[in-house]
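Q: I am attaching a structure below and will ask some questions about it afterwards.
The values are calculated or read from the model by the stated rules, or taken from the named source; none is laboratory data. None of these values were measured; they are calculated from a predicted model. Counting neighbours? That spans all protein chains shown, and the Cβs are built from the backbone with ideal geometry, glycine included.
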Amino acid sequence: MSSSALGKLAIAALGVLAYKNRDKIGGMLGELGDSLGVTPGSTGALSGGGLGELLDSFKQAGHGDAADSWVSNGPNKPIAPEHVEKAISPEVLDQLAQQTGMSRDEILQRLSKDIPDAVNEMTPNGKLPPEPAGKGPWAA
């Protein structure tokens with residue numbers, strides 16, 4: 001996994017944690033974004049590419065039906081912590097643990113609880129939000 005993809009996936013996962021756990025995580029996105037050379041906005045971590053990569057990681061791990069349910073307008077399928085662990089690379093989980101001060105198990109528990117609702121809230125029309133201008137796959 002490239003460092004750019006690692007950064008986007010870590011930022012998206014942190015975005016989910018921050019979105020659903022504002023009290024504990026607060027300014028962490030800005031700090032991690034600075035350390036990775038990324039500047040996430042309030043929902044920038046979950047917009048376009050980062051959210052798409054997060055969903056793709058679940059699809060590649062065999063949980064596409066759950067990921068698709070979070071984007072669709074129907075009920076959200078749950079995801080178990082062990083499935084989150086298979087979808088998100090160990091490097092990203094280590095990075096999240098280092099940046100948050102949370103244990104890997106706590107991160108997995110929170111992500112498994114929060115990802116379905118956060119993705120659902122970020123895709124109210126059943127579609128991923130557009131990627132910011134100049135951030136697409138063809139951007140220089």
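Q: Of everything in the stretch 77-95, what is modelled with pLDDT of 90 or more and either of a type in the set (S, T, N, Q) or in a helix (DSSP H, G or I) (or both)? Give them in sequence order.
A: Within the stretch 77-95, P81, E82, H83, V84, E85, K86, A87 qualify.
Q: Please enumerate the residues belonging to the stretch 82-107 that are surrounded by fewer than 21 Cβ atoms within 10 Å (Cβ to Cβ), under 15 Å from S57 (Cβ atoms), under 15 Å from the mean Cα position of the chain (by Cα) and not small (G, A, S).
A: Those that are surrounded by fewer than 21 Cβ atoms within 10 Å (Cβ to Cβ), under 15 Å from S57 (Cβ atoms), under 15 Å from the mean Cα position of the chain (by Cα) and not small (G, A, S): H83, E85, K86, P90, E91, L93.
Q: Now a separate question. Does V38 count as in contact with a Leu (Cβ under 9 Å, 6 or more places away or on another chain), over 18 Å from R110 (Cβ atoms) and either modelled with pLDDT under 80 or part of a helix (DSSP H, G or I) (or both)?
A: Considered against the rule, which asks whether it is in contact with a Leu (Cβ under 9 Å, 6 or more places away or on another chain), over 18 Å from R110 (Cβ atoms) and either modelled with pLDDT under 80 or part of a helix (DSSP H, G or I) (or both), V38 comes out as yes.
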